[in-house]
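Input: a single structure, listed below in structure tokens.
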Amino acid sequence: MAKVAMLGAGFIGDFYTFSLHGQRNRDRVVVIYSRDKERGKTFAKKHGIPRWTTSMKEAVNDPEVEVVVIGLPNNLHLEAVKLAVAAKKAVLCTKPLGRNAEEAKKMLDMVEKAGIMNGYLEDLVYPPKTLKALNSVRAGAVGQVTWVRSRETHPGPHSDWFWTKEISGGGVLLDMGCHCIEIARNYIGKDIRPVEAICWADTLVKPIEAEDNAVGLVRYENGAVGQLEVSWTFRGGMDLRDEVMGTDGTIWINNFLRTGFEMFTAGGKKGYVAEKAESQKGWLFPVGDEVVELGYIDMFTDMFNAFEKKGKPRETFYDGYVVNEIMDACYRSAKSKKWEPIKLREWRGKKKTPKISGIRDFDKDHIFVKEETMPDGKVKIILKNRKTGKIIQRIRK
């Protein structure tokens with residue numbers, strides 16, 4: 001059993017605590033830190049937490065606490081990590097790790113110098129469907145991954161600080177692009193170096209300084225591409241979708257909006273339906289168990305298993321740092337309108353990755369391109385001549 005200091009009594013703190021306490025889980029939050037006294041008291045009562053405080057230092061240094069979980073606004077992550085490092089406590093931090101790569105690198109260096117266990121709480125690489133898909137990819141089901149498209153869109157975040165650039169560090173690209181980037185890294189291979197990015201980001205609807213829509217491409221050393229699509233102006237709830245394309249197969253995943261649970265109500269349903277749901281009437285798409293479907297249960301299982309075994313979880317501060325560097329390149333690209341290099345100050349993956357190749361021999365003179373069954377039942381084969389490079393077709397009778 002691990003005893004936890006939860007920093008933050010907001011929306012994400014709720015999700016994290018429900019995950020830790022759910023299904024008779026043995027790990028417990030023993031102290032909650034909130035900047036607001038009444039909110040902290042209410043949160044503690046709701047979750048059965050014995051102590052609450054408005055002092056972050058007091059929460060981190062609580063003698064019972066073994067693990068610090070950061071669920072705070074982005075501008076407070078660095079301060080919280082400093083306190084955890086000073087107290088020699090294991091620390092888990094919500095996404096994004098920093099407001100920029102410089103902040104993220106400082107946090108990474110601090111925890112590694114102190115030798116404390118650290119975890120990057122990127123829940124969307126932990127949903128059950130995603131974990132199963134990742135296992136299939138690693139088993140070779142889709143061949144070499146060539147392109148990952150990840151989409152997260154909804155009507156906008158739930159708290160005021162997200163909308164204030166000085167606090168958050170950016171808009172939708174920082175808030176949700178971090179999910180899409182890390183999802184793509186997991187499928188393509190976290191040991192394959194991201195080399196450059198191109199991105200469009202703009203403020204289309206909301207009266208804010210930061211961007212409310214963004215689309216980007218991240219190119220990897222082996223030629224694979226990760227595509228991100230994020231929006232704070234999408235209407236209709238929260239749309240989480242991933243597509244993985246490889247030389248031998250394809251995977252489509254719909255994580256949230258259309259999950260097989262659909263309900264129509266004319267009278268309306270009072271209360272919470274699902275995260276970012278916009279209506280309580282008409283067609284609704286409730287989620288059976290959000291903390292499971294969004295990956296929180298598997299994420300914390302991985303984190304606390306690593307803590308108990310004195311090992312590393314799947315997602316560490318290093319992963320959070322790499323994501324921040326990619327997002328910095330995306331922001332530079334949104335201004336320059338060009339591909340921008342990803343300036344990793346430290347790379348721990350493969351030194352060099354060969355380009356993706358799906359070349360298959362057909363015979364001694366030809367390379368296979370494609371095979372297709374035509375409406376008349378005959379099979380057409382497209383081939384490339386090895387010597388001349390000419391493309392030809394044959395009919396297999």
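The values are calculated or read from the model by the stated rules, or taken from the named source; none is laboratory data. Treat the numbers as computed from the prediction; the structure is a model and nothing was measured. Counting neighbours? That spans all protein chains shown, and the Cβs are built from the backbone with ideal geometry, glycine included.
How many residues, within region 282-313, are surrounded by fewer than 21 Cβ atoms within 10 Å (Cβ to Cβ), assigned to a loop (DSSP other than H, G, I, E, B) and modelled with pLDDT of 90 or more?
Qualifying residue count for the region: 3.
Could you tell me whether region 186-194 includes any residue that is more than 16 Å from residue 148 (Cβ to Cβ), polar (S, T, N, Q), in contact with a helix residue (DSSP H, G or I) (Cβ under 9 Å, 6 or more places away or on another chain) and assigned to a helix (DSSP H, G or I)?
no
Can you tell me which residues in region 48-69 are of a type in the set (A, V, I, L, M, F, W, C) and either more than 18 Å from residue 21 (Cβ to Cβ) or in a loop (DSSP other than H, G, I, E, B) (or both)?
Within region 48-69, 49, 56, 60, 65 meet the criteria.
Scanning region 350-363 for residues that are without any contact (Cβ under 8 Å) to a residue 12 or more places away in the chain and not in a strand (DSSP E or B), which turns out nearest to residue 387 (Cα to Cα)?
Looking at the filtered set, the residue picked out is 363.
Show the residue pairs that are 6+ apart or on different chains and have beta-carbon atoms under 7 Å apart, the first residue being within region 24-47 and part of a loop (DSSP other than H, G, I, E, B), the second being of a type in the set (S, T, N, Q).
Matching pairs, first to second residue: 34/54; 35/54.
Here is a yes/no grid of residues against (1) under 18 Å from the mean Cα position of the chain (by Cα); (2) modelled with pLDDT under 95; (3) small (Gly, Ala, Ser):
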| residue | (1), (2), (3) |
| --- | --- |
| 133 | yes, no, yes |
| 144 | no, no, no |
| 148 | yes, no, no |
| 161 | no, yes, no |
| 187 | yes, no, no |
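Does region 153-191 hold any residues that are at positive phi and β-branched (Val, Ile, Thr), and which are they?
Correct list: empty.
Would you be able to tell me the number of residues in region 107-130 that are surrounded by fewer than 16 Cβ atoms within 10 Å (Cβ to Cβ) and part of a helix (DSSP H, G or I)?
So the answer is 5.
Using the structure shown, decide if residue 85 is crowded, with 17+ Cβ neighbours inside 10 Å and either closer than 18 Å to residue 316 by Cα or among the polar types (S, T, N, Q) (or both).
Criteria met by residue 85.
Mind telling me which of the residues 383, 344 ends up being of a type outside the set (Phe, Trp, Tyr), surrounded by 10 or more Cβ atoms within 10 Å (Cβ to Cβ) and in a strand (DSSP E or B)?
One residue alone meets the criteria, 383.
Could you check region 148-174 and list, in sequence order, the residues that are aliphatic (A, V, I, L, M) and over 21 Å from residue 194 (Cβ atoms)? Give the derivation first.
Narrowing region 148-174 to residues aliphatic (A, V, I, L, M): 148, 167, 172-174.
Once the filter is applied, which keeps residues that are aliphatic (A, V, I, L, M) and over 21 Å from residue 194 (Cβ atoms), region 148-174 yields only 167.
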